[in-house]
C-alpha cells in the first residue's frame, strides 16, 4: 500500500531523515517509534504529500506522492501532531468543510457525517464551536476529519498525546478498529502503545531506521537470552550452586532484599527452564515462592537502539 | 472548482462573523461619508463622487491588507495549512477561493456606498458618466489591492507582517508616479506607468480607457499568480 524508497529530507543543511526505506501492506498498522526530533513527523509529512522529500520516492497505492499528488492525496487521511482545527467553526461545519475539500459529494458527506460523529463520540457537540472544546474532544474532531472520507491510508501523528487516560484507551480502541480494514501509519513515543496497537514497528533515530520488526520479534530478537526471576525460600549459599548446575542455565545472579532471596537466571537460547528450576528447588526441600519470565521490555530495547552503546 | 467554492464560502462566513471585517466596514463607511460631505459646505457644491473616490482609494491602502492579512497567514499559524495542502485540492483553487471571498466582502462595502450616489441622484442632477466609471475604477483598484494583500498573506504566517508588507507595496504603487518622477528616460516612464493614481484618475473623470482596465487586470493577475506560486513553494521550504 505504501512504499517508501530512499527518503532523505534536508532542512537547510541539516538532514531530518536519511535514506529511509519501508513498506506497509494493506490493512497493516505500522508504528513509528522514536525520540522527539527523530524524523517521525518529517516522514509523515512526506507520505501525506505535505512536502516532497529532497531525495527518494513514496508511492501510495501505486501513486507517487509528488508526481501524482492529487491521486495520492485522495487516498490519505491525516491527523497532524498539532490538531489543525478552525476554532471559530462548529464541529459539524468543520467536518462538512473538510469533507468537501476531500472531494466528497454533499450527499456522501451527509450520509457519512452521522457515522463518524458516532464513532468519535461527538454526538452532543455537533453544534459546539471547536474553540470551546477541551483538548480530548479536539483530538476526536481531528480523528473524525481524518477518517471522514474513508481513506485507504490513515496517517496519525502522535494520536494519543495530551489527552486523559480514559480517552487514550478509547482512542487506541478506535485506531485498532480502523486498522482492520485500513492501512494505518502512526507515530508515538509511548512504548506500550506500540506493542498494543501495531503489527509492525519502525524504530527511527536521528533520521535513520535503526530497527524494523513486529513488537514481539523485536523483543525476542534483541534479547537472545531469556531471563527468569525465581524467589526461593532457602539458604542462598546452597541454592545458588544448585541453580547454576541446571542444564541450560548460563548465569545466575542473586539479590537479597530483607530476607527475600531472588535469583535472576539467564537461560540459553530462550529455553523455557521453568520446570527444571521448580523441580530442582522442590527436590531440595526449599520453597518456591515465585517464578516468572522476564522479557526485555520495549523500553529497554528502545534505549538500546537509540543510545549509542554497543549491544 | 467545487473545492474553490467551498474555500470561498467558508471564508465569506468567517468575514461576516468576524469583528475585523465589521471594523473595516465601519471605518470605510464613516470616513468615506466624511469625504463625501466635505465639499457640500461650498456655496456652489458640485454633484460629484470624486472626493469620495479619492478618499476611498487612499483608505484602501490600509483597509485592503486588514481584510486579507488573515486569509493564509492564519492557516499557517493554526496548522490547518497542513490539512489544506494534504487534501486533494489544487493550489490555485485555494488561492482563488480565498480571493473570491475577500472580493465578495469588498463588493458588499462598495454596494453600501451606493447610498452616496443615490443621495446625489435624488437631491441633485449629477453627470452619471464619472460616477459609473468611477465605481468601475474603484472596484478594479480594490480588487488589485486585495490581490496584493493575498500575496503577502501567503508569504508570511504572521498577520501583522503580512499587512505591513502589503501596505508598503500599495503605498509604493500609489506614489510611484511622484516618487520616481525625477527618474528620466524609459525607466522613469515605466515606473510612472506602474503608479495607481494615473490610471485611476481617468476613471473618476469619467473616462473608461482600455489601457487602464488592462493595467488593473494585469496587476490582479500578476499578484494572484505570485500567490499561487508562493503557496506551491511552501511545499519546498
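Every residue in region A:86-125 that is part of a helix (DSSP H, G or I), touching a residue at least 40 places away in the same chain (Cβ under 8 Å) and away from chain B (no Cβ under 14 Å), please. If you could, list the steps in order and put the result at the bottom.
First, pick out the residues of region A:86-125 that are part of a helix (DSSP H, G or I): A:91-101, A:106-119, A:123-125.
Those still in the list that are touching a residue at least 40 places away in the same chain (Cβ under 8 Å) too: A:91, A:94-95, A:98-99, A:119.
Across region A:86-125, the qualifying residues are A:91, A:119.
Which residues, taken from region A:111-132, are surrounded by 15 or more Cβ atoms within 10 Å (Cβ to Cβ) and modelled with pLDDT of 90 or more?
Within region A:111-132, the first condition is being surrounded by 15 or more Cβ atoms within 10 Å (Cβ to Cβ), and the residues that meet it are A:112-113, A:116-117, A:119-120, A:122, A:125, A:128-130.
Result: A:112, A:113, A:116, A:117, A:125, A:128, A:129, A:130.
Residue B:115: part of a helix (DSSP H, G or I), at negative phi, free of Cβ contacts under 8 Å to residues at least 40 places away in the same chain and away from chain A (no Cβ under 14 Å), yes or no? For residue B:115, the condition - part of a helix (DSSP H, G or I), at negative phi, free of Cβ contacts under 8 Å to residues at least 40 places away in the same chain and away from chain A (no Cβ under 14 Å) - is met. Take the conditions (1) farther than 20 Å from residue B:102 by Cβ; (2) within 14 Å of chain A (Cβ to nearest Cβ); residue B:54 misses just one of them, which is (2).
For region A:126-138, which positions are within 14 Å of another protein chain (Cβ to nearest Cβ) and out of contact with any helix residue (DSSP H, G or I) (no Cβ under 7 Å at 6 or more places or on another chain)? Of everything in region A:126-138, those that are within 14 Å of another protein chain (Cβ to nearest Cβ) and out of contact with any helix residue (DSSP H, G or I) (no Cβ under 7 Å at 6 or more places or on another chain) turn out to be A:129, A:131. Considering every residue within region B:90-110, establish whether at least one is assigned to a loop (DSSP other than H, G, I, E, B), at positive phi and within 14 Å of chain A (Cβ to nearest Cβ). Checking region B:90-110: not a single residue is assigned to a loop (DSSP other than H, G, I, E, B), at positive phi and within 14 Å of chain A (Cβ to nearest Cβ).
Filtering region B:19-56 to residues that are touching a residue at least 40 places away in the same chain (Cβ under 8 Å) and not in a helix (DSSP H, G or I) leaves B:47, B:48, B:49.
For region B:191-212, what are the residues that are within 20 Å of residue B:223 (Cβ to Cβ), modelled with pLDDT of 90 or more and surrounded by fewer than 16 Cβ atoms within 10 Å (Cβ to Cβ)? Result: B:211, single match.
Which of the residues that make up region B:64-81 are within 12 Å of chain A (Cβ to nearest Cβ), surrounded by fewer than 23 Cβ atoms within 10 Å (Cβ to Cβ) and either assigned to a helix (DSSP H, G or I) or modelled with pLDDT of 90 or more (or both)?
In the first step, residues of region B:64-81 are kept if they are within 12 Å of chain A (Cβ to nearest Cβ); the result is B:70, B:74-81.
When the remaining residues are screened for being surrounded by fewer than 23 Cβ atoms within 10 Å (Cβ to Cβ), the result is B:74, B:76-81.
Of everything in region B:64-81, those that are within 12 Å of chain A (Cβ to nearest Cβ), surrounded by fewer than 23 Cβ atoms within 10 Å (Cβ to Cβ) and either assigned to a helix (DSSP H, G or I) or modelled with pLDDT of 90 or more (or both) turn out to be B:74, B:76, B:77, B:78, B:80, B:81.
Residue count for region A:271-283 satisfying the condition of being surrounded by fewer than 14 Cβ atoms within 10 Å (Cβ to Cβ) and either out of contact with any strand residue (DSSP E or B) (no Cβ under 8 Å at 6 or more places or on another chain) or outside the structural domain of residue A:232 (by TED's automatic domain parsing) (or both): 3.
Exactly one residue out of A:83, A:76 is within 9 Å of another protein chain (Cβ to nearest Cβ), in contact (Cβ under 8 Å) with a residue 60 or more places away in the chain and either buried (at least 20 other Cβ atoms within 10 Å of the Cβ) or over 28 Å from the mean Cα position of the chain (by Cα) (or both): that is A:76. Inclusion of residue A:43 among residues that are closer than 19 Å to residue A:9 by Cα and touching a residue at least 12 places away in the same chain (Cβ under 8 Å) is warranted. Filtered by the rule that a residue be touching a residue at least 60 places away in the same chain (Cβ under 8 Å) and farther than 22 Å from residue A:71 by Cα, region A:143-178 gives A:158, A:159, A:161, A:175, A:176. Among the residues of region A:37-63, those identified as farther than 11 Å from residue A:155 by Cβ and in a loop (DSSP other than H, G, I, E, B) are A:37, A:38, A:39, A:51, A:52, A:53, A:54, A:61, A:62. The set of residues in region A:254-270 being part of a strand (DSSP E or B) and surrounded by 12 or more Cβ atoms within 10 Å (Cβ to Cβ) consists of A:254, A:255, A:260, A:261, A:262, A:263, A:264, A:265, A:266, A:267. So for region A:190-198 (the condition being in a loop (DSSP other than H, G, I, E, B), more than 13 Å from the chain's Cα centre (by Cα) and assigned by TED's automatic domain parsing to the domain that holds residue A:144), does at least one residue qualify? Looking through region A:190-198, none of the residues is in a loop (DSSP other than H, G, I, E, B), more than 13 Å from the chain's Cα centre (by Cα) and assigned by TED's automatic domain parsing to the domain that holds residue A:144. Each residue in region A:52-68 was checked for being touching a strand residue (DSSP E or B) at 6+ places or on another chain (Cβ under 8 Å) and within 12 Å of chain B (Cβ to nearest Cβ), and 5 pass.
When you check residue A:56 against the structure, is it free of Cβ contacts under 8 Å to residues at least 12 places away in the same chain, assigned by TED's automatic domain parsing to the domain that holds residue A:24 and over 16 Å from residue B:86 (Cβ atoms), yes or no? Break it down into steps so the answer makes sense when it comes.
Details: free of Cβ contacts under 8 Å to residues at least 12 places away in the same chain: no; assigned by TED's automatic domain parsing to the domain that holds residue A:24: yes; over 16 Å from residue B:86 (Cβ atoms): yes.
The answer is no for residue A:56.
The values are calculated or read from the model by the stated rules, or taken from the named source; none is laboratory data. From a predicted model like this one, the values you see are computed outputs, not experimental measurements. As a convention, Cβ positions derive from the backbone with ideal geometry for all residues, glycine included, and neighbour counts pool all protein chains shown.
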